[in-house]
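Data first, discussion second: the structure below is written as structure tokens.
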């Protein structure tokens, strides 16, 4: 697997299209932090850590649906890729969907949303956009 963040977003997108209640993804600290942001912003119900096998931990992602069984995540877009990293200063971090969406930024203060990065006045690598 070359890009674990794209893999996570694809698993969420595919499970939503199939109307699954939850999906699984291999564990990493970065994936867990992204899922924490998605949960706090209201795009997923939550996630759990499955440690049944001590070597292979998995994240169980509980999807959130609104209205007529539509996934709460309308669109997810990976911005920075392994071959082409995108960096922005705090004042240049883009707004998604006129501020209705969220940009996830990897900063020196950790992985945060665009609003938090502007508040802390730190820039960094733009990981993804979600709305």
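Here is how the numbers come out for the structure above:
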| quantity | calculated |
| --- | --- |
| Contact order relative to length of the chain, as percent, for alpha carbon pairs under 8 angstrom and 6 or more apart | 22 |
| Cβ-Cβ FRET estimate between residue 40 and residue 90, R0 fixed at 35 Å, reported to 0.05 | 0.95 |
| Principal axis dimensions, the range 76-130 - Cα atoms, whole angstrom, descending | 29, 25, 17 |
| Inter-site label distance for residue 81 and residue 28 at 7 Å from Cα along Cβ, in nm | 1.7 |
| Rounded to whole Å, sorted largest first: equivalent-ellipsoid semi-axes of the chain, Cα gyration tensor | 24, 18, 13 |
| Principal semi-axes in Å for the range 4-71 [√(5λ), Cα gyration tensor, largest first] | 20, 12, 11 |
| Protection-proxy order for peptides 50-57, 92-99, each taking the mean of Cβ atoms within 10 Å per residue, highest first | 92-99, 50-57 |
| Stretch gain in nm, segment residue 121-residue 60, where the contour uses 0.36 nm per residue and the Cα spacing is subtracted | 18.6 nm |
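Read-outs throughout are calculated quantities, based only on the coordinates presented, and are distinct from any laboratory measurement. Predicted, not measured: the structure shown is a model, and the values here were computed from it. Because the Cβ atoms are built from the backbone with ideal geometry, glycine has one as well, and the counts that use them run over all protein chains shown.
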